[in-house]
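Presented below is the structure to which this report refers.
Every read-out reported here was derived from the displayed coordinates using simple, explicitly stated rules and does not represent laboratory data. Owing to the predicted nature of the structure, the values given are computational and were not obtained by experimental measurement. Quick reminder, even Gly has a Cβ in these numbers, built from the backbone with ideal geometry, and neighbours come from all protein chains shown.
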Amino acid sequence: MEPVVRAIDVGYGNTKYVVGAERGPICCAHFPSIAPVTSGQDLAAALGRQRKTVAITIGDLTYEVGPDASLADDITGTRHMDDDYVHSPEYLALARGALHLMRVPTIDLLVVGLPVSTFALHKTFLEKLLTGIHDVGSGKTVTVHKVRVLAQPHGALMNFALNGGENFASIKTQRHLIIDVGARTFDWLVGQGLKTVDKRSGAVNRGMHNVLRAFAEAISKSENTQFTDYDRIDLALREGVQPIVFQKEYDLKRHLPAARKIVQGAVTELKRVVQDGNDIDNILLGGGGAFFFRPVIQEAFPRHTIRQLKDPLYANVIGFQLAGMESMRLSWQPGKTGRLLTDA
């Protein structure tokens with residue numbers, strides 16, 4: 001029987017996870033990283049439409065997580081945005097919600113991610129937190145035998161190396177700049193082959209959430225209201241349409257210069273570390289905010305081609321899955337240790 005490998009990326013904006021990889025393409029799904037304390041009431045159930053959520057108990061409280069978690073309370077858009085996020089019960093509830101939705105009772109290797117800025121600080125803690133038996137609600141448990149943690153942009157690199165149809169031998173000799181635009185953090189990692197160049201990697205707290213907040217504050221000031229529906233703005237930006245505010249289309253274009261300033265601030269910090277990238281062979285872009293940040297990144301590196309990974313929202317978690325599967329494959333070979341390809 002083949003070992004079961006799975007991957008989870010609990011981001012500040014969304015929790016991404018792999019639901020299947022044994023046969024055919026890697027299948028992923030996600031839900032918002034919101035974990036309200038459940039009230040136990042679901043008014044939609046009375047209409048025959050139960051919320052798509054899972055009740056996860058951590059300590060004395062039960063949290064509701066899943067695609068419809070924002071309907072469980074009046075905290076739509078509220079997310080934890082601090083560096084100690086992985087120590088919160090909400091983080092564990094989100095991770096266990098993903099484990100529940102994977103629908104496998106045992107995982108031999110679980111690969112997860114952390115931002116570059118908190119990777120060294122929380123790596124060991126997260127490995128211990130997610131190893132063992134987890135109560136995932138509905139009377140079910142999931143046993144995780146082994147956990148490995150990667151920096152989130154390293155997932156995108158592994159995705160590129162193992163899933164992009166590239167020459168793997170060439171990739172191992174090249175230098176890469178991997179940029180991950182998350183909800184809270186703008187992370188980058190410079191890699192020599194598959195190894196990290198720590199002194200040239202970093203992160204700043206200027207992600208897509210900051211962009212959406214800038215738009216929301218501008219709308220609030222313009223319309224003399226308190227507009228906090230970040231998801232509505234996000235959807236409008238992704239689809240190239242105008243959001244509806246007070247039953248009318250609201251023109252976001254007037255606020256683009258202010259929003260771009262946030263992006264430019266993040267990219268300026270990146271360039272301060274990597275300079276003009278004259279020694280960078282590949283610039284890879286992933287993360288849910290890649291679509292909005294890409295034009296500014298391209299302007300900052302005009303002599304490079306920015307390679308946006310397919311399905312950028314899932315770029316990291318697919319890379320985690322591929323790294324884990326390759327690690328398990330190698331562990332079956334005589335004399336191999338089964339280390340992740342990124343291990344020193």
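In a shell of Cβ-Cβ distance under 13 Å around ILE179, excluding ILE179 itself, what net charge do Lys and Arg (+1) and Asp and Glu (-1) give? Counting the neighbours of ILE179, the net charge comes to +2. In sequence order, region 167-179 has phi-based couplings of 7, 4, 4, 5, 4, 5, 9, 9, 10, 10, 10, 10, 10 Hz under the Karplus curve 6.51 cos²θ - 1.76 cosθ + 1.60, θ = phi - 60°, and Gly or Pro positions carry x. Of the labelled figures [x] 66, 55, 35; [y] 74, 54, 36; [z] 58, 49, 36, only one reflects Cα extents along the principal axes in Å as derived from the coordinates, namely [x]. Its residue count N fixes a reference of 2.2 N^0.38 Å for region 143-263, and the Cα radius of gyration divided by that reference is 1.42.
Between ARG148 and LEU110, VAL111, VAL112, the built amide H atoms are under 5 Å apart, and every one of these is 5 or more places off in sequence or on another chain. For region 207-293, what does the alpha-carbon gyration tensor say about shape, rounded, prolate or oblate, given a ≥ b ≥ c as the root eigenvalues, a/c under 1.5 as rounded, and a/b over b/c as prolate? Cα axes put region 207-293 in the prolate bin. Percent of C-alpha pairs per 10 Å bin in region 94-164, short distances first: 19, 43, 32, 5.
The 3J(HN,Hα) values that the Karplus relation (6.51, -1.76, 1.60; θ = phi - 60°) gives for region 245-250 are, in residue order, 10, 6, 6, 10, 5, 10 Hz. Gly and Pro appear as x.
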